[in-house]
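Have a look at the structure below before the remarks.
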Amino acid sequence: MLTAILIVLLALITVAYAAAPLTGRRSLVDPLPDERDPVLVDLEEERDSLLRAIRELDGRLDLPADRRDELRARYESKAATVLKALERARSEAPGDADSAAEARARAADARPATGRRLPIGALALLGVVAVTTAALGSFVLPRVGQGTVTTFFADELSTAEALRDLIRAADRDPNAANLMALGDAYWELADAEGAEETYRRVVALASDDGTSVGAPPIAYKRLALLVLQRDLPAALELLREARAVDPTDPETLYAIGELSFAQGELDASIEAFGAYLATPEGAGDPDAEARLALVQAIGPAANAVAEVRDRDNLMALADVFWTSGANDPAVEIYFEVLSEHDAFEPTALSRIGQLLFTRGRTDDAIGLLERAASAAGGLTQLEPQASLFLGNAYAVLGDDESAIRAWEAHVEVVGIEDAGRVTGLIEGARLRLDAASAEAADGSTDAGASGSPVSAEVPEADAAEAAAERALTALSEPALLIEVGAELYARHCVVCHGAEGQGGTGVRLAGSARAANEANVRSTIRFGRGIMPGFGALLSEAEIEVLVRWVGQELATPR
């Protein structure tokens, strides 16, 4: 309300300032130019200057008397000459210019004052502008989605207006309820920056409150997901804050177990998984039971390293971490093995390369995986995941020939029956190579005016847009959804979750109740979870939705 009043006042002041020149009787009348003879003006100015100089000589006591007399004689002679010239110029003029100017001035003053008509049209226009300016504030909408609302589609306007109202409510009264409503709105709109900022205000409000109640648990949990990729310890601390508010929330307990495990805090992980399995929702969860067993198995390996920190004990501990999905602590140990014990340890090289690929460092990943294969005596001598990762890394760079070589090594190790969709990846890569060869052959005979082949390459932005459009179409066509979903899974998920969703460095998806929960899968794909990075910036909303449905239908649902 106060904002609206200030806008109205500023608009009125603007109108008054703009209208003032239009309402004054003489404010728009420019003064008439001086119509006197310029020669007369110059002579009069010179005359006045000489007379003033003669008068000032009497006060020049700093000059000798003879010097003052000499100057006075010179000034008087010059003044006499100027006076004669002035008299001659006036006699030659058609009339007395000064008298004429004075007469015009007297005539102007003698004319009756005629009221100046108000410019009604201009004032009306200013009024309309003022009213529009005052009302404009209520129609400025906040950003929603990936851009600014500049259209009049009802759903976009409705969403933006609702968000605007929530922002205003939070500004007027920044209590926990208003801030949570705003934060939840940002969360639903996938505005990570707005959600994080708002949830932090909720948490800060609870901390400043001086009570032991704390913020709503969901504020801590969502804030933890938002900071997970850049600060895992901070995310874990936020989850512990959520548990302090609600000690029996199963989702919080499970997440604490996972992140504590990833941080190498085994006792905390065991306690959290045990607490989760004790809840009605977690009782009998096979994933949690398997994870707890793995965490408990790490204990002996950790004790062995504490006693003797040699290569074998370190590799054993790192392998337990790795197979349980705690890749970060595993890689730290693998680095120790490479730097202090064996710089060519193939498993350590391979697994560091796999982790680098999941973090987007494709070139580094290829270098380490190839080095691991060389140290082991070939790709087939490494674990199957190594050749699968290497093939996907080459595919990301568009090197289909090298990708086929690595994928064929993977099939040779696991067998054609267990290769799953890798055979489809090989077939797709071969088709791309054949198409590229055909295009190159056509281009060599279909040249432009310069004689160079016509390029068939599609700009990266166009390709991304085409993929997004294809995914959007797939949402309404079941057969196409299965095809696009399989492609997206093979490109982004198979290296961690396995070709059949059996799990690996990522959790098991096949037959998983968590993978059947679309909201859970959607949030995980968009923002990431644990060691899994978020794909919200890489995939379009339609592609994420296709992947969510495909995972639920093809992997999570028992067949």
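Sort out which residues of segment 357-407 are in contact with a Phe, Trp or Tyr (Cβ under 9 Å, 6 or more places away or on another chain), acidic (Asp, Glu) and more than 20 Å from MET532 (Cα to Cα), and write them in order of number.
ASP400, GLU401
Taking the stated definitions as given, is LEU356 in contact with a Leu (Cβ under 8 Å, 6 or more places away or on another chain), modelled with pLDDT under 90 and assigned to a helix (DSSP H, G or I)? Show your work before the answer.
Numbers: in contact with a Leu (Cβ under 8 Å, 6 or more places away or on another chain): yes; modelled with pLDDT under 90: yes; assigned to a helix (DSSP H, G or I): yes.
The answer is yes for LEU356.
Quick check on this structure: which one of PHE321, PHE389 is under 23 Å from VAL422 (Cα atoms) and at pLDDT below 90?
Numbers: PHE321 fails: under 23 Å from VAL422 (Cα atoms).
Within the list PHE321, PHE389, the selection yields PHE389.
Condition check ((1) crowded, with 21+ Cβ neighbours inside 10 Å; (2) of a type in the set (Asp, Glu); (3) within 22 Å of ARG351 (Cβ to Cβ)) across all residues:
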{"residue": "GLU258", "(1), (2), (3)": "yes, yes, yes"}
{"residue": "PHE261", "(1), (2), (3)": "yes, no, yes"}
{"residue": "ILE270", "(1), (2), (3)": "no, no, no"}
{"residue": "PRO286", "(1), (2), (3)": "no, no, no"}
{"residue": "ARG291", "(1), (2), (3)": "yes, no, yes"}
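Which of the residues belonging to segment 528-559 are on the phi > 0 side of the Ramachandran plot and at pLDDT 75 or above?
At the first step, the residues of segment 528-559 found to be on the phi > 0 side of the Ramachandran plot are 528, 530.
Of everything in segment 528-559, just one residue is on the phi > 0 side of the Ramachandran plot and at pLDDT 75 or above, namely GLY528.
Could you tell me whether segment 190-209 includes any residue that is assigned to a loop (DSSP other than H, G, I, E, B), over 24 Å from LEU538 (Cβ atoms) and out of contact with any helix residue (DSSP H, G or I) (no Cβ under 9 Å at 6 or more places or on another chain)? Don't jump to the end; show me each part of the working.
Quick first cut of segment 190-209, residues assigned to a loop (DSSP other than H, G, I, E, B) only: 190-191.
Going one step further and asking which of them are over 24 Å from LEU538 (Cβ atoms), we end up with none.
The answer is no, given that none of the residues of segment 190-209 is assigned to a loop (DSSP other than H, G, I, E, B), over 24 Å from LEU538 (Cβ atoms) and out of contact with any helix residue (DSSP H, G or I) (no Cβ under 9 Å at 6 or more places or on another chain).
Among (1) basic (Lys, Arg); (2) in a helix (DSSP H, G or I); (3) more than 26 Å from VAL507 (Cβ to Cβ), where does ARG351 come up short?
(3)
Can you name the residue in segment 419-449 that is closer than 25 Å to CYS496 by Cβ and modelled with pLDDT under 80 and, of all such residues, is surrounded by the most Cβ atoms within 10 Å (Cβ to Cβ)?
ALA419
Step by step: first the residues of segment 254-286, then only those that are in a helix (DSSP H, G or I) and acidic (Asp, Glu), then the one that is nearest to TRP322 (Cα to Cα). Which residue is that?
Restricting attention to segment 254-286, the residues satisfying the condition of being in a helix (DSSP H, G or I) are 254-262, 266-277, 286.
Checking which are acidic (Asp, Glu) leaves us with 258, 267, 271.
On the way: GLU258: 13, ASP267: 18, GLU271: 21 Å.
My answer is GLU258.
Contact list please: Cβ distance under 6 Å, first residue in segment 73-87 and of a type in the set (Lys, Arg), second residue part of a helix (DSSP H, G or I), pairs at least six apart or on different chains.
Qualifying pairs under 6 Å: LYS78/LEU50.
Filter segment 306-333 for residues that are among the β-branched types (Val, Ile, Thr) and in a helix (DSSP H, G or I); which is farthest from the chain's Cα centre (by Cα)?
Pass one, segment 306-333, residues among the β-branched types (Val, Ile, Thr): 308, 320, 323, 331, 333.
Within this subset, residues satisfying the condition of being in a helix (DSSP H, G or I) are 320, 323, 331, 333.
Details: VAL320: 38, THR323: 35, VAL331: 30, ILE333: 35 Å.
In this case the residue turns out to be VAL320.
The values are calculated or read from the model by the stated rules, or taken from the named source; none is laboratory data. Small disclaimer: the values here were computed from a predicted structure and weren't measured. So basically every Cβ, Gly included, is an ideal-geometry build from the backbone, and we count neighbours across all protein chains shown.
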